[in-house]
Amino acid sequence: MDGKTEIAETTISVCQDTDLKEQVLVSNATKLSSEMGEDVKGEAKEALRNLEQLHEEIGRRERQLESNVEATRQEVMACFQRCQRKLKEREEVLLSKLHQEHRRLKRSLLAPKRMALNMNHASLNGGMRTISEGEHGDEGNAKIGENGVDAVAQATSQSNQNNNGATDLDKMLPALHKALELANTPFHLSRFDERVLQQFDDFVDHLGTVYLGDADPSRTIINAHPALVLAESTAKVKGLNQKGEECTGGGADICASLEDPEGAVTPCRVEDCMNGIYKIIYTPQKVGLHFLRVTISGDPISNSPLEVEVKPIRLLPNKAFIGGNCTVAVEMPREYNLPCVGKDGKDLGKTQKLSLQNLKIAILDPEGEDVEGSVVGSMKRRGVICTYTLKYKPKQPGFYEIKVNRLGQDNVLLAHVVMPVSEKEQIGRRGHGKGQFDNPTDVLMTCEGDLIIADTVENERVQCLNSEGQYKYDFPFPGQEPVLLAASTTCLVALLLNAKRVQILTLKGEQVLEFGHDEFKQPYGIAINSDNKVYVSDRGAHCIFVFTPEGKFWRQIGKHGSGPGEFDFPNYIFIDPSDNVFVTEAKNCRVQMFKGTGEYTKEIRSPDKLPQPGAMVATASGYLLVHNESDNRVQMLNLDTGRFVGSILVDLIAPYTRRIAVTKTGFLVALDMSSHCLWRYPIPFE
């Protein structure tokens, strides 16, 4: 019995647990369903609220649209009511004046009319007296016109003085006819000439416009450069509002079309830049004068149609400076036939394929002399357009001109004035992008011919450019620290001016080690020799500190003084490929030369040419270039003869970071911290 009882109790317990679990499951399901239902209801309510808000927004926009349309309608009506009112006032003035002149002439006819009536119905003497009495009795008739009244009065007076009392009719009739002729004056409406009416018609035709967006057609302008046949060209439309201010948004209904010299019209593509500027993109199919027509909401803009000259060739000159290998891109279509014309400019009725082989390209300097140039480089193709590179080397500053003729023909196919050739070339500008600088502090040339620029103050980086000034790479240099640089074939060293520390890095910017020196007071210049020994000039300690590649102090060169091997405010250091050390001094006004071990060799002194020597660099042909800080000239010194052979003016270098470098192609590169750029100058004799 006990076993059966236990089994029964266990069974009942299991059943109870099962019921409990079912109840829990049902409860959870109900609760979950309820929660899901609440979520669904909440989502539905949220959707309904969003829909209601959308309906409200649509209604608001509709009301705003209707209000805007009604306001514009009222402006149109007010404008033309004003014009109609002004025209009505002018009409009333002219009609009033016409009425006055009509009355004036009618009065002038009254006296001859009365005179003729009196001659028919009265005796001659009585008639004359009647006329005389009527003339004197009617004050209004005394004003009938100066010439007509005087003539009648004179005739009447002569008749009254006749001894026989008879009227001399033969004398009266000419006087009456003269009075009638003077009174018979025609009326006219003075309009000056037909131009007045034409101006009025034009005024009415352009009296106000209705347009979408902020760009006012009467103020908006378009600008387009000379186009190339068969090449996609772009014109820019600048939207201006009613106040003449530049638009900052888009949305204007702009349409454009291009009319070729034969009158055929081609639609253009319009791109809205959403900043008040619209691009008109078109591809002319023929050479000659085209007309670009642009409308806003159907009304032409202020300078439409715009004349666009389409050429068979396009020249794109790059920046140019003396001594540089300057380039001009020559663009032309691959498949295009030009009409052949004679020397008199008349069409010969045949065509010739446009190609580089049948063209003559001449480059003229500011004096009109030919400059040697050549078409070099591979041809670039962009669709149907081919691009060639034309190189030339200018020798004097000024404006250079390029003329293109077809072989055997004198008429100029294309003439283009190149941008002025300057004595220097700018590399970089202020900014944070690639190849841009913000307060750079140093520049040097690596053994590979690359330019390394310390752009560490604001941009916290070091940049590498090739010898032509094109960006190659950069690496970070944190700390916003003004830095001076030096480089060997294997490493780069940096002198931190504020921290008075020296860092040794790889050429890619990976830090190897950092060190300082307890005797540093005002470190100002840095250089590295072929053994990677680091030389630091100290203006406060008046000496040169030399360190091993591991950062250990090796030796000191010089002390305070003005004798051989002594220094007074040493500025910069330069080490040539033979490990000769050159040091400039601000107070002693000289350049001293040492061996790599520190032995004094000689000095270079020139009170007039080097009163304040600064940064130095040497050229491959044996010239030492020393920047004189007092007159911003770089003096050229022949190291073999010890003589100065010339100078280069570098007038835009900041006064506290006058750093220079020399490229392998024979150009001087000067750092301009104040202008945030580099300047490249041709070096004489290089």
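Data overview
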read-out: Amide H partners (placed H, <5 Å) of Q612, local residues excluded; value: E629, S630
read-out: For H55, solvent-accessible area (1.4 Å; no DNA, RNA or ligand), Å²; value: 120
read-out: Where I221, I301 fall by accessible area, highest first, once all protein chains stay in place (1.4 Å); value: I221, I301
read-out: Relative packing of 471-478, 458-465, which averages over residues the other C-beta atoms within 10 Å, highest first; value: 458-465, 471-478
read-out: Radius 12 Å from Cβ of K602, net charge of other residues (Lys, Arg +1; Asp, Glu -1); value: +1
read-out: Spin-label pair K500/L48, simplified geometry with 7 Å Cα→Cβ offset, distance in nm; value: 7.9
read-out: At R0 = 35 Å, FRET efficiency that the Cβ-Cβ distance of E66 and H432 yields, to 0.05; value: 0.10
read-out: Ranked by how many other beta carbons lie within 10 Å on average, peptides 265-276, 629-640 from highest; value: 629-640, 265-276
read-out: Backbone HN-Hα couplings from phi across region 253-267 [Karplus 6.51/-1.76/1.60, Hz, Gly and Pro as x]; value: 8, 9, 10, 9, 8, 10, 9, 7, x, 8, x, 6, 10, 10, x
read-out: Heavy-atom accessible area ranking, 1.4 Å probe, most first, across V645, V210, V404; value: V210, V645, V404
read-out: Charge sum, other residues only, whose C-beta stays under 14 Å from E367's C-beta, Lys/Arg counted +1 and Asp/Glu -1; value: -3
read-out: Mean Cα-pair separation over length for region 269-413, i.e. relative contact order, pairs under 8 Å, 6 or more apart, %; value: 19
read-out: Listed residue pairs exceeding 18 Å between alpha carbons, taken from K279/K380; K238/K311; K286/K380; K434/K472; value: K279/K380; K238/K311; K286/K380
read-out: Summed side-chain charge close to L414 - residues other than L414 whose Cβ falls under 9 Å, Lys, Arg +1, Asp, Glu -1; value: +3
read-out: Heavy-atom accessible area order for Y278, Y524, largest first, 1.4 Å probe; value: Y524, Y278
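The values are calculated or read from the model by the stated rules, or taken from the named source; none is laboratory data. Owing to the predicted nature of the structure, the values given are computational and were not obtained by experimental measurement. Don't worry about glycine lacking a Cβ; one is built from the backbone with ideal geometry, like all the others, and counts go over all protein chains shown. These area figures cover heavy atoms from the full protein model, side chains too; ligands, DNA and RNA do not enter into them. Shrake-Rupley method; radii C 1.70, N 1.55, O 1.52, S 1.80 Å.
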